[in-house]
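The values are calculated or read from the model by the stated rules, or taken from the named source; none is laboratory data. These numbers were taken from a predicted model, which means no experiment stands behind them. Quick reminder, even Gly has a Cβ in these numbers, built from the backbone with ideal geometry, and neighbours come from all protein chains shown.
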């Protein structure tokens, strides 16, 4: 798992306490927005993995850097 303190990436979603007291509709919208963001980030990560592999990064380092398991990296590389 990637510790956000070790990256230059901003925390992409409000902290869980920000959701307390929100209406059901607002929570549903926040959830859909977060899921869409995950899909978009995953697509970008797949492209970055393909690029880094082409530049010579090994599977173990790709998995560690991306914060996913090695089988996920292999799957992403097969999908290209």
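Taking each residue of the range 3-32 that is on the phi < 0 side of the Ramachandran plot and exposed (fewer than 11 other Cβ atoms within 10 Å of the Cβ) and looking for partners that are modelled with pLDDT under 65 and in a helix (DSSP H, G or I) with beta-carbon atoms closer than 8 Å, six or more apart or interchain, yields 11/4.
Of all residues in the range 60-79, those being in a helix (DSSP H, G or I), over 14 Å from residue 47 (Cβ atoms) and in contact (Cβ under 8 Å) with a residue 24 or more places away in the chain number 0. Taking the range 68-80 as the range and being surrounded by fewer than 16 Cβ atoms within 10 Å (Cβ to Cβ) and at pLDDT 95 or above as the test, the residues that pass are 69, 70, 71, 74, 75, 77, 78.
Looking at 57, 22, 1, which one is assigned to a loop (DSSP other than H, G, I, E, B), at pLDDT below 95 and over 17 Å from the mean Cα position of the chain (by Cα)?
Numbers: 57 fails: at pLDDT below 95; 1 fails: over 17 Å from the mean Cα position of the chain (by Cα).
When all the criteria are applied, what remains is 22.
With respect to the conditions (1) surrounded by 10 or more Cβ atoms within 10 Å (Cβ to Cβ); (2) modelled with pLDDT under 95; (3) under 25 Å from residue 75 (Cα atoms), residue 52 lacks only one, and its number is (2).
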